[in-house]
Structure formats: structure tokens, C-alpha cells
Amino acid sequence: MTTVPDAAEDWPDQIYDLLKQHEIRQVALVPDAGHSRLIKRCLADNDIKVTTLTTEEEGIALVFGAWLGGEKAVLLMQSSGVGNCINMLSVPVSHRTPCPMIVTMRGDYGEFNPFQVPMGNATQTVLEAMGTLVKRAETPEDVAPTVDATLRMAFNTYRPTATLIGQRVIGAKTFGK
Amino acid sequence: MIEVAESGKLERRSVVRALLEDRGEMLAIGGLGAPAWDITAAGDTPQNLPLWGGMGGAAVMGLGLALAQPTKPVLVITGDGEMLMGVGSLATIATKQPRNLSVVVLDNEHYGETGMQETATRHGVDLAGMAKAAGIVDSRKVTTPAELLALRDAIRAGHGPIFAQVKIDAASLPLVLPPREASILQARMREAILGPKAHLQ
């Protein structure tokens, strides 16, 4: 039996293809289960330098440093990590430098873990309060065009931008319940 | 010439001047606060990126820059308070082992911009030891002019990553302010590295 990946499974590969099209050379990340397939693709690519961070705010700084040196970079993280980035977002805002973020949502749709809800509920508000252009992808088909827009707006207009990939796309972690 | 203050500790501006002297292609990031004024006092240039914010981010900015420009030496000069806020970045840097990155902490054991409150290094926290334990093999503490000159040679040899905790005199010195418009600071450094095409990327 052959299996053809449907759109629901395919969106991480579509993001990877977009990173290649946009000539992304550095990927900074704190892992999230929703990004695991994309992370594997990036790690397998010798033209992409993957840096695993101890905290997400390092990613804002790393993306800035890469841009100083002429390399395009993106930050991958979970919604809870957005809360760790708040003050560091003053760097791309004040320097007027691209800072694209691809965020997988928790605390968003059918969440099981109470601790994920406060930050998940505040992710978009917090990012926008810090000058980030935020677009949401709520279906698998939305993901690629939204990430493409996020990359274009970052590198064409020099500012932090984010795609939030909804928990409806990723599926809620149920802890066996 | 590297000066020693009455306290017996190294004088910060002379330390930074020595590190940046005859720097060639070296790119320098100055951490928020006095280190940004120090690199400016040594001579403001497009190869300098003095930071007015982003506390805790200087070392990892250096990492992103060093990975993007592996043939150019990158020197991050920052303070103990700034480094302590981003101390996890020592682990991040260690995982990448960038040969061209050096991080020098000017350790006056105080938060100089906010009223000279004590930092953790005042209470014995060993930043060089933390860097070494993280996996930055060449991590050193510098207390004498001779050790500083040896550090300078090591930075130029390009066998990084290097981490140095330089014990400096705590005196607050006259401000020497760099441009404050940060879009200019990034654009001038990018142009110094990439030429005019920096603005067409």
C-alpha cells in the first residue's frame, strides 16, 4: 500500500521548502513537538545552520546577529516561548531589522494543560504590543501561504513578523485523556 | 598601554583600547551600558555595534554574526551584569564552537548604569568557570596587563571560541556616546561587511 502525504501531514515540508526559497541560512529554535518534522528537515540540510537555544529570547538576538552578517534567519518556537522574547523584541524594532518567527500554538484550541493557557491566550496580543506583524494559520492549507507572507514582510519591510500555527492544525496534546 | 588603577585592577578603557588596536577586519559588539561607551571611546567605526538595549543578548548576537561571517573575527565586549542576564547563551555558544568568536566580559562586579548595585560576581560567581564548564575550553580570568596581552594574541589567532572574564576597576568614567539611532548602527555595519549590496538584500 502506498501512502501519499495529505496536506495535514505535509505542511512542515512546505515550510521547509519556503525556508529554502527565501534562502534562509540560520534557524534558531527551542523545540516544540509541532515543529519536530521541520526541525529534522533543517538538521539534515548542510546549508542551514541550526542553533538550539536555552531560551527563546536568545533567538531574537541570534537572528539579529545573522542579519548583521548578511544571513537570513528564522526563529522557531512554541507560543509559551513568545513570552520569553518580549524585551528582546526592542532589538529588531529599534534597529529596523527582519525577525521572522514561526510559532506553534499551545493553550489555543482544546488545550489540556492549564499552564499553557495564559501565554497561549496572550501570544498574539503580546507580539503585537511589541510591534510584530502577526498572521494566524488555522488550517493546514493556510500554513504555507501565511509563512510565506511572514517571511516576505520581515525581509521586505525590516521588522519582526510572526505566523502563529493554530492548535487545530497541530492537534492538542491529550496526555492520554 | 594597559593601565592599572589604584585598586590594583585593570582600567577598563585601556583594556578595550588594547583589544581593539590594529583590529583589521574585526567586528565588535559592545554590550548595553559602559562597554558600549568603552568601544566608542576606543574609536567609533562602522565595524562597531554598540548596544543601547537588548540586555542579555550581546553574546548570542555575536554568535549569529560569527556564524554568518566565519572568516571575520567577532569580538563581543560586555559587562558582568549583561552577561549574567544571558548566561545560558554560554551553553548555546559552546554547542556551535565558532572559531572566530570571542566574548570578553569587563567585570567590575557592579551594575554601573543603575547606581553601582553589586552583581553576582561580587559574591564570587565565577563566570569564566561557568563558560569552561559549558564547553568553551579557552575560558580565562584576566587580572594583569600581561594576561590581557596574552588574551589579545589569542583572540587574533582565531582559535576560538574564547571567553574571558577581565577583572576591571569599578570607577564610572565620562560617557562617550555612540549614535543612538539604531537603524544607522546596523546599516553601517552591514555596509562595512557586505558593501553597497547590503541595502539591496
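Suppose we filter segment B:52-62 for residues that are surrounded by 24 or more Cβ atoms within 10 Å (Cβ to Cβ) and of a type outside the set (Gly, Ala, Ser); how many remain? Reasoning before the result, please.
Within segment B:52-62, the first condition is being surrounded by 24 or more Cβ atoms within 10 Å (Cβ to Cβ), and the residues that meet it are B:54, B:56-62.
Checking the rest, the ones that are also of a type outside the set (Gly, Ala, Ser) come to B:60-61.
Qualifying residue count for the region: 2.
If you take the residues of segment A:44-67 that are more than 25 Å from B:Leu185 (Cβ to Cβ) and outside any strand (DSSP E or B), which of them is farthest from the other protein chains (Cβ to nearest Cβ)? Top of the filtered list is A:Ala44. Scanning segment B:131-142 for residues that are in contact with a helix residue (DSSP H, G or I) (Cβ under 6 Å, 6 or more places away or on another chain), more than 22 Å from B:Val15 (Cα to Cα) and assigned to a helix (DSSP H, G or I) gives a single hit, B:Ala134. Per the listing A:Ala33, A:Ala44, the residue uniquely without any contact (Cβ under 8 Å) to a residue 12 or more places away in the chain and of a type outside the set (Val, Ile, Thr) is A:Ala44. Please list, ordered by first then second residue, the pairs with beta carbon atoms under 8 Å, 6 or more apart or interchain, first in segment A:101-125 and in contact (Cβ under 8 Å) with a residue 40 or more places away in the chain, second assigned to a loop (DSSP other than H, G, I, E, B) and among the aliphatic types (A, V, I, L, M). Listed pairs, sorted by first residue: A:Tyr109/A:Ala172; A:Gly110/A:Ala172; A:Glu111/A:Ala172; A:Phe112/A:Ala172; A:Gly120/A:Met105; A:Thr123/A:Met105.
Please go through segment B:27-60 and give me each residue that is more than 12 Å from every other protein chain (Cβ to nearest Cβ) and in contact with an Asp or Glu (Cβ under 6 Å, 6 or more places away or on another chain), ordered by number. B:Gly33 - this is the single residue of segment B:27-60 that is more than 12 Å from every other protein chain (Cβ to nearest Cβ) and in contact with an Asp or Glu (Cβ under 6 Å, 6 or more places away or on another chain).
Look at (1) farther than 24 Å from B:Leu27 by Cβ; (2) within 14 Å of chain A (Cβ to nearest Cβ) and you find that B:Thr114 fails only one, number (2).
Residues in segment A:70-84 that are away from chain B (no Cβ under 14 Å) and in contact with a Phe, Trp or Tyr (Cβ under 9 Å, 6 or more places away or on another chain): 1 in all. Residues that are part of a strand (DSSP E or B) and either aliphatic (A, V, I, L, M) or at positive phi (or both) within segment B:41-85 comprise B:Leu49, B:Val74, B:Leu75, B:Val76, B:Ile77, listed in sequence order.
Restricting the first member to segment B:1-24 and to residues that are in contact (Cβ under 8 Å) with a residue 24 or more places away in the chain, and the second to residues that are of a type in the set (Phe, Trp, Tyr), no beta-carbon pair is closer than 8 Å while six or more apart or on different chains. Restricted to segment B:63-96, and to residues that are at the interface with chain A (Cβ under 7 Å from one of its Cβ atoms), small (Gly, Ala, Ser) and surrounded by fewer than 21 Cβ atoms within 10 Å (Cβ to Cβ), which residue is nearest to B:Ile155 (Cα to Cα)? Ranking the qualifying residues of segment B:63-96, first place goes to B:Ala91.
Applying the criterion of being in a helix (DSSP H, G or I) and of a type in the set (S, T, N, Q) to the residues of segment B:175-201, the residue that is nearest to the chain's Cα centre (by Cα) is B:Gln186. The single condition from (1) part of a loop (DSSP other than H, G, I, E, B); (2) at pLDDT 95 or above that A:Leu89 fails is (1). Summed over segment B:1-42, residues that are more than 15 Å from the chain's Cα centre (by Cα) and small (Gly, Ala, Ser) total 4. Can we say A:Pro145 is out of contact with any Gly (no Cβ under 6 Å at 6 or more places or on another chain), of a type outside the set (Ser, Thr, Tyr) and within 14 Å of chain B (Cβ to nearest Cβ)? No; evaluated as a whole, the condition is false for this residue.
The values are calculated or read from the model by the stated rules, or taken from the named source; none is laboratory data. From a predicted model like this one, the values you see are computed outputs, not experimental measurements. All Cβ positions, even for glycine, are placed from backbone atoms using ideal geometry, and neighbour counts span all protein chains on display.
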